[in-house]
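Shown next, in structure tokens, is the structure this report addresses.
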Amino acid sequence: MQVFADTVAILKKALSQRTFSHAGPIYTVPTPGFRWDRAHPVNDAEYVDGNGELIRLSTFPRPRQQPHPPMWQVVDSPSSVEFAAKNDMGIIMWRPPVAMLKERFRLYRETARTATGVDPGLGARTSIMRDAFIADSEAEVREVAERYVMQYLNWSNWRGPKIYLNPDETLQPDLEAQLKKSLSYEFVRERSLLFGTPEYVAERITELQEELGLEQLLINSAWSGMPHELTMRSMRLFADKVLPRIRGAEPLAVRAAE
């Protein structure tokens, strides 16, 4: 965490200050003692001291947003949620089900309110990513996309099924052991996937909006080995038949993950 925190501090300085330097617990920028006759194109006292040592840096081009562009952190644990809230960063989550997302969003809201004195509201500056595939029937969804998404989810199953659980939920030991070896479609679909007909997927997105006050939704519809035309077919259905169903609800930014 200290490495990450020091990196965030450097990024904020680099993006918000015309010239900057940093001396933190992990990193010092510029590197102490760095000298070179071309350390800076101009022998400018703002950047180079009298001994030729580089003492400050600049980033170009400068960002338009002030004091710096919005920053986002991918989070999971309570400590990472709290860090993002305390450091003025939005949060992005991926796999947890709605009940766990709500718990994490409440923690983010409460921590941000304590840190700033302003209540951002539930769902403010939040985003989640969901694997999504849309077809005309559930049977077609499973026939076309199940093997690709499950291969992908099991490839990254090093944390096991716990990331899909609701607050205070526990699994029977034999089921937990089985899912650690191989997640099943039946286990993850209702908890973490937007897989189904346009009507079903629209209902699930509406649930995310109503339960969480969600601001942004990222969808991923491409997995290793899946033919590109299948991804594009699903995305066209999402645009033509899902988005019109959710446009009358609370504002929600939907983006396709790359």
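The values are calculated or read from the model by the stated rules, or taken from the named source; none is laboratory data. From a predicted model like this one, the values you see are computed outputs, not experimental measurements. For neighbour counting, all protein chains shown are included, and Cβ atoms are generated from backbone atoms with ideal geometry for every residue, glycine included. Heads up: the accessible areas ignore ligands, DNA and RNA and are worked out on the full protein's heavy atoms, side chains in. Shrake-Rupley method; radii C 1.70, N 1.55, O 1.52, S 1.80 Å.
Numbers at a glance
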| item | result |
| --- | --- |
| Sites matching chymotrypsin sites (Phe, Trp or Tyr not before Pro) across region 66-161 that sit in DSSP coil, with at most 10 neighbouring C-beta atoms within 10 Å | W158 |
| Ratio Rg/Rh [Cα only; Rh per Kirkwood] for region 78-145 | 1.18 |
| Distance (nanometres) between label positions extended 7 Å along Cα→Cβ at D168 and N43 | 7.2 nm |
| 1.4 Å probe accessible area per residue over the chain, in Å² | 56 Å² |
| Rounded FRET efficiency, nearest 0.05, which uses the C-beta distance separating L243 from Q151 and R0 of 30 Å | 0.60 |
| Cα gyration tensor category, rounded, prolate or oblate, for the chain with a/c compared to 1.5 | prolate |
| Shape call, region 112-255: gyration tensor on alpha carbons, a/c limit 1.5 | oblate |
| Candidates M129, M232, M89: whichever shows maximal mean-square fluctuation once the chain is modelled as a Gaussian network with Cα springs under 10 Å | M232 |
| Total formal charge among the other residues, if their Cβ is under 10 angstrom from that of K180, Lys/Arg +1 and Asp/Glu -1 | +2 |
| Accessible surface of the chain [probe 1.4 Å, protein heavy atoms]: carbon and sulfur percent | 53 percent |
| Per DSSP, loop trypsin sites (Lys or Arg not before Pro) in region 1-108 with at most 15 further Cβ within 10 Å | R18, R38, R64 |
| Antiparallel DSSP beta bridges within the chain, as percent of all bridges there, nearest 5 | 20 percent |
| Tensor-based shape of region 1-84 (alpha-carbon gyration tensor, a/c under 1.5 rounded, otherwise prolate or oblate) | oblate |
| Region 142-200, Rg to Rh (Cα coordinates; Rh as Kirkwood inverse mean 1/r) | 0.98 |
| Inter-part distance where region 204-229 and region 73-129 are each reduced to a Cα centre, Å | 18 Å |
| Normalised contact order of the chain, rounded percent, pairs of Cα under 8 Å and 6 or more residues apart | 17 percent |
| DSSP bridge pairs, region 1-124: antiparallel proportion in percent, nearest 5 | 60 percent |
